[in-house]
Each structure stands twice: as C-alpha cells, then as structure tokens.
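The values are calculated or read from the model by the stated rules, or taken from the named source; none is laboratory data. Predicted model only: the values in this text are computed from it and were never measured. Heads up, the Cβs are rebuilt from the backbone with ideal geometry, glycines too, and the neighbour counts pull from every protein chain shown.
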Amino acid sequence: MTSDAELIGRSLAGDGEAFVEVICRHEGAVGAYLSRRVGREAAEDLLGDVWVAAFESRRTYDQAFPEARPWLYGVALNTLRRYWRSRPAEDLVPDVTSMANGWDPWPAVDARVDTQAVLRAALAKLRQEEREVLTLVAWEDLTAAEAARVLRMPAGTARRLLHQARMALRNAPEVAALLTDLNSVKESK
C-alpha cells in the first residue's frame with residue numbers, strides 16, 4: 001500500500017488524484033475529531049476547510065513520516081482555533097433548552113449522562129495543553145509522540161503532559177467517586 005507521504009509527494013508532482021486518496025483514507029477520523037470538539041453540524045462545515053488548508057499547506061508536510069493523520073489533526077486543530085476565535089462567546093455554549101424534549105427517562109441513560117458530565121467537568125479543569133494531549137491519545141488513538149507532532153511540541157513534553165493529565169484525573173475526587181460507583185456496579189453483577 002502506498003504511504004500517505006508518497007501520495008502527498010505525488011500530489012506535489014502534479015498527480016491530482018493522489019491527494020484525494022489521502023482525504024479518502026482520513027476523512028472519517030478527521031471528521032470524528034472535529035465532531036467531538038464542535039458537534040456534528042459545525043464539523044461538517046469545517047471538514048471542507050481542513051481539506052483546503054491541508055492541500056494548500058501540503059508542501060510543509062514532513063515526508064519522513066509515512067502516515068499523515070497526525071499532521072491532518074494539526075491542520076484540523078488550527079482550523080478549530082480559527083473557528084473558535086471567529087465565534088461570539090455565546091455561540092460557543094451549546095443550547096441545552098432542546099434537551100428536555102424527547103429526553104430519555106431510563107436510568108441507564110441518566111447514569112451515562114451523569115458519567116459524561118463528571119468526565120467533561122474533570123477534563124475542563126485540566127490545563128489546555130494537558131487536555132489536548134490526553135484527548136488526542138485517548139479519543140484519536142494517537143501515541144504521545146504523534147500527539148506531540150499535532151501540537152508542535154517535543155515528544156517528551158507531550159509524554160509529561162499526558163502523565164500530568166492522567167494523574168490529575170485519577171486524583172480528582174469526582175472521578176474517584178465515579179470509578180468507585182462503577183466498580184461497585186460491576187461487583188454486584
């Protein structure tokens with residue numbers, strides 16, 4: 001199979017279809033990355049911006065790396081930053097008024113929502129750099145070194161930030177209580 005680096009090289013040499021292949025390979029992962037950060041609707045709009053920016057900046061791709069996914073996450077992160085800067089602050093807060101309509105009353109759903117709220121609150125307490133490294137490793141399945149490439153930092157710094165984020169989450173009282181509750185549910189089954 002041809003590597004992403006080879007495809008980007010062919011694209012730079014004039015092969016119009018080569019970059020389309022890179023897009024096809026990574027569209028799902030980059031779209032999911034955007035969706036987890038801004039929601040599905042905004043992500044659909046931003047995904048096209050990511051591909052345009054990636055195409056325009058493909059000369060900056062370091063072809064020593066065979067896989068382009070970390071580089072594309074970096075392009076997506078820069079696109080997200082531009083998007084967030086362009087939005088009024090009130091637009092960045094989700095509208096929760098429609099959540100009551102059609103709300104699922106089952107306890108399992110409530111427990112999941114409570115779990116997500118606890119984890120989101122704990123993640124929000126992390127420093128931005130820690131949160132970015134942690135989410136790239138946990139959600140996007142990157143290594144710490146690949147996350148470092150996305151964030152343009154040394155790999156050792158990314159590993160340190162990942163360790164700090166994990167320790168902060170492990171030591172957060174609300175997360176510890178959540179883990180205790182989850183363990184007691186498992187043991188009762």
Result of the Cβ filter at 8 Å on the stretch 1-24, keeping first residues that are touching a residue at least 24 places away in the same chain (Cβ under 8 Å) and partners that are outside any helix (DSSP H, G or I) and of a type in the set (Ser, Thr, Tyr), at least 6 apart or interchain, is ALA5/TYR61; ILE8/TYR61
Looking only at the stretch 130-163, and only at residues there that are of a type in the set (S, T, N, Q) and closer than 22 Å to ARG81 by Cβ, the one that is modelled with the highest pLDDT: THR157
Can you work out which of the residues in the stretch 33-44 that are without any contact (Cβ under 8 Å) to a residue 40 or more places away in the chain and under 20 Å from GLU140 (Cβ atoms) is surrounded by the most Cβ atoms within 10 Å (Cβ to Cβ)? ALA43
